[in-house]
Each structure stands twice: as structure tokens, then as C-alpha cells.
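J.: This is the structure, below, for whatever I ask next.
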Amino acid sequence: FINQNNNEALRNADLRQAMSDIIDRGSLSNQVLGSFGIPEKNILGENTPALQASEIIKNLPSSFSFENGVLYMSTKKKSSDTKKDSKDEESNGEKQAIKVSLTTIENPELLETANFISASWKKIGIQTDIKIIGRSDLNTVVKDRDFENLLFGFSIKTAKDYYSFFSSKERTYPKL
């Protein structure tokens, strides 16, 4: 789950798509779950293959740049002088390295998954800080929205009702 309020870069749909596209879910399932999982891109069961890092970087808009293994996002400096033309505004922009945190529960499979995701994101220049919490802290973290990216998992042996994942009625605490 992504909390766009805790990291301005995560508000960018192109960045979020790139972060999703670089994760090779087949390899993740094989490596972490010994091929006992079903790799799916989202809860609806869609699964497209991971893209190559070079392809993802090439398809990012011009507000991103990849230099020396680091992905940067250009942001416009806020200026009180509104008479500047757009050319001046572009030259006054700031370049910000993309850094995110990934919070997960202390669990061997989730830790290995978090490390796999972090390594995947590093391929496109995103630095990731993995934060490990106890299972008992999950409710507080979710309630307070104290995460940028949240990774947790559960085993699904049979088809379940996914209503709580897509209904806006389920978006506030104690729901997810």
C-alpha cells in the first residue's frame, strides 16, 4: 500500500507505475515462496511481466532523470515573483533524489520480499529504507498512516471477498 501523503514523490503516477513495473513477480514468487505462490500484479489477478529498468527509465517523463544510478525528480521552486517566464522557472527548479521507505512486519517471508522489492527499485535508481515493525504495531501504523509504502501479507487458500480493498466505505480506521 502506498501513502502519497508522506512522500511527495509518491504522488506522481508515473513514478508509482515505474515502481510497480520493475518488480518481477514471478522471480519474487520463486525466490521467496519457493514457487508456491501465484504471482499477481494486483488484487484483480492481473499479471504483466516486469519491464527492464532501461525501458522504464526511458518511458519516464522529462521531469525525471537517471544519473549515476540515482533517479531524480525535478520540482519547481515556488517563487513569489510571478512575472518570470517559464524558461526562468525551469532553470530555478530543484532536482531531488527519489528516496522512499518500505514498512513491513517482522516476518522472514515479508523481510525477504521487502529486500527483493528494494533491490528491484534500486535498478531504477530509487533508494529504499526498509522499516521493520512488530505485528502488534500494524494497527497503529495503519491507523496513523505512519508509512510511505506498507508491505504485509496473508495466505489465501481459497477465493475470498475482496470488498474491503476496493470499497471507499472501508478506507478509514479500523479498516485498511
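The values are calculated or read from the model by the stated rules, or taken from the named source; none is laboratory data. Note that the structure is predicted; figures quoted are calculated from it, not measured. Cβ coordinates were reconstructed from backbone atoms using ideal geometry, including for glycine residues, and neighbour counts include every protein chain displayed. Ligands, DNA and RNA are excluded from the accessible area calculation, which covers all protein heavy atoms including side chains. Shrake-Rupley method; radii C 1.70, N 1.55, O 1.52, S 1.80 Å.
J.: State yes or no: is Lys83 open to solvent by 70 Å² or more (accessible area, probe 1.4 Å), at pLDDT 95 or above and not hydrophobic (A, V, I, L, M, F, W, C)? Give the derivation first.
T.: On the way: open to solvent by 70 Å² or more (accessible area, probe 1.4 Å): yes; at pLDDT 95 or above: no; not hydrophobic (A, V, I, L, M, F, W, C): yes.
No.
J.: A further question follows. For region 139-158, what are the residues that are open to solvent by less than 90 Å² (accessible area, probe 1.4 Å) and farther than 23 Å from Glu8 by Cα?
T.: Gly153, Ser155, Ile156, Thr158
J.: Let me ask something else about it. Can you tell me how many residues in region 12-37 are hydrophobic (A, V, I, L, M, F, W, C), within 12 Å of Phe116 (Cβ to Cβ) and open to solvent by less than 60 Å² (accessible area, probe 1.4 Å)? Explain how you work it out, then say what you get.
T.: To start, the set of residues in region 12-37 that are hydrophobic (A, V, I, L, M, F, W, C) comprises 13, 15, 18-19, 22-23, 28, 32-33, 36.
Right, trim to within 12 Å of Phe116 (Cβ to Cβ) and you get 22-23, 28, 32-33.
Restricting the remaining residues to those that are open to solvent by less than 60 Å² (accessible area, probe 1.4 Å) gives 22-23, 28, 32.
Final tally of qualifying residues: 4.
J.: Filter region 112-147 for residues that are modelled with pLDDT under 95 and among the aliphatic types (A, V, I, L, M) and give the result.
T.: Result: Leu138, Val141, Val142.
J.: List every residue pair whose Cβ atoms sit under 7 Å apart, with the two residues 6 or more apart in sequence or on different chains, where the first one lies in region 41-62 and is modelled with pLDDT under 65 and the second, anywhere, is part of a helix (DSSP H, G or I).
T.: Ile43/Phe165
J.: Moving to a separate point now. Name every residue in region 99-109 that is β-branched (Val, Ile, Thr) and within 13 Å of Asn6 (Cα to Cα), in order of residue number. Spell out how you get there, then give the answer.
T.: Looking only at region 99-109, we keep the residues that are β-branched (Val, Ile, Thr), and these are 100, 103-105.
Selection gives Val100, Thr103.
J.: Looking at region 86-111 only, could you name the residues that are at pLDDT 55 or above and open to solvent by 30 Å² or more (accessible area, probe 1.4 Å)? Walk me through how you get there before you give the answer.
T.: Filtering region 86-111 down to residues at pLDDT 55 or above leaves 92-111.
Scanning region 86-111 gives Asn92, Gly93, Glu94, Lys95, Gln96, Ala97, Lys99, Glu106, Asn107, Pro108, Glu109, Leu111.
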